[in-house]
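Enquirer: This structure is in structure tokens; I'll ask about it shortly.
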């Protein structure tokens, strides 16, 4: 610590004591001075003020500098002080997000590693998954899932499942998702889980089992999902649920991961199966491919290449769902044309019942999200009939 400027310390104390609310820059300036004289009392306050000022700033350079300073200060908080780890992790979180936004991926991942050492592993798991390092991400997911609070269970288990699948550990992925599904069945029976969420989980698990050659399991899960949908179409949800759209988005997007390029450190992809953490650079790059895909769809339509067009249209729909799928306002009106287009294209391919079943299933699960349960049941019943005929 350098020589303390006692006059500056006095001015800073007077500034904090004066009446009226101080601006964040004034607070930061005062805490910077006082942190030198009384680090135990004022370094935690400096960290909080720097983080708040970072989130208020519109200048990317300033945001990065403020986050870096918050981390530097956070590391200096005396061990044993209340909330030291929580404050340091908040500073590290602010820093890693600005590094990723600036395209400084390796540095951002290093900050995520420091967060993981402090006990917060979610951001590192996402960063690893974005680079195709699924096995390492799954190890972190297991720790998080086994120690998570009940309200985070779906998100932790689905992310873990997704990374196990990405690592090629399909039996382990099925075991984890089956555990989640069994819990959802029990909770739905007690009216503590939405039947909509149970339906989406059943459908997703049937896709997982079908993809690994377990046709009998997949068919049984589809029939169970159809039974739940029949209940929804007849009586609706037993109780109101405020918002479950994010659950639909996560599983719908995950169902399309195999149609996207492989993730790597050189070409990262979003971590499918989660909406809790995202690296901004990867997220923006993924959504930024929408114009390219839309142009490709125009060319495929003009050339009459309907199978490829159906696949590209689905990739577009998934991006739209990821971007706007948790917005309630005019939800059905906004998304229905995308799913109707998918079904219309598939119906023009009479020799490809699998594509039609996929399109009908997609629309059915969307209609569940839109609370149009009768139409959802109709679509899914047709899809199940097509798949059972194979």
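Enquirer: In terms of the Cα gyration tensor, with a ≥ b ≥ c the square roots of its eigenvalues, is the range 1-57 rounded because a/c is under 1.5, prolate because a/b exceeds b/c, or oblate?
Expert: oblate
Enquirer: Another question, then. With just the Cα atoms of the range 99-166, tell me how far they stretch along each of the three principal axes, in Å, largest first.
Expert: 34, 25, 18
Enquirer: A further question on this structure: Below 8 Å between Cα atoms, with a sequence gap of 6+, how large is the relative contact order for the chain in percent?
Expert: The normalised contact order for the chain reaches 12 percent.
Enquirer: Expressed as an acute angle from 0 to 90° and rounded to the nearest 10, what is the orientation of the C-alpha long axis of helix 170-189 relative to the principal long axis of the chain?
Expert: Approximately 90 degrees, to the nearest 10.
Enquirer: For the chain, with equal point scatterers placed on the C-alpha atoms only and solvent neglected, what are the log10 I(q)/I(0) values from the Debye formula at q = 0.06, 0.08, 0.10 1/Å, to two decimals?
Expert: Those come out to -0.31, -0.52, -0.75, one per q.
Enquirer: In deg cm²/dmol and to the nearest 500, what is the mean residue ellipticity at 222 nm of the chain if only DSSP H runs of at least 4 residues count, each as -39500 (n - 2.57), divided by the residue total?
Expert: So the helix-based figure for the chain works out to -24000 deg cm²/dmol.
Enquirer: Checking the a/c ratio against 1.5 first, then a/b against b/c, what shape does the Cα gyration tensor give for the range 232-333?
Expert: It comes out oblate by the Cα gyration axes.
Enquirer: Can I ask one more? Using Cα pairs closer than 8 Å and at least 6 residues apart in sequence, work out the relative contact order for the range 323-382, in percent. Present the calculation step by step, with values, prior to reporting the outcome.
Expert: Numbers: 40 pairs, mean separation 16.4, N = 60.
RCO, the range 323-382: 27 percent.
Enquirer: Can I ask one more? Between rounded, prolate and oblate, where does the range 1-110 land on the alpha carbon gyration tensor, with a ≥ b ≥ c its root eigenvalues, rounded for a/c under 1.5, else prolate if a/b exceeds b/c?
Expert: prolate
Enquirer: Hey, any idea what the orientation-averaged projected area of the convex hull of the range 165-308's Cα atoms comes to, in nm²? Walk me through the intermediate numbers first.
Expert: Values: hull surface 45.5 nm².
Orientation-averaged projected area of the Cα hull: 11.4 nm².
Enquirer: Report the relative contact order of the range 1-110, percent, no decimals, based on alpha-carbon pairs under 8 angstrom and at least 6 residues apart.
Expert: Reported as a whole number, the value is 20 percent.
Enquirer: Relative to the first principal axis of the alpha-carbon coordinates of the chain, what is the inclination of helix 39-56, with its axis defined by its Cα atoms, in degrees from 0 to 90 and to the nearest 10?
Expert: Computed tilt is about 50 degrees.
Enquirer: Roughly how far apart, in whole Å, are the Cα centres of the range 311-390 and the range 121-158?
Expert: Rounded to whole Å, the Cα centres lie 29 Å apart.
Enquirer: Let me ask you something else. Please determine, in degrees from 0 to 90 and to the nearest 10, the orientation of helix 153-166 with respect to the longest principal axis defined by the Cα atoms of the chain, where the helix direction is its Cα long axis.
Expert: Relative to the chain, helix 153-166 is tipped by roughly 70 degrees.
Each value in this text was obtained by applying a stated rule to the coordinates, not by laboratory testing. Keep in mind that what you see is a predicted model, and the values were worked out from it rather than measured.
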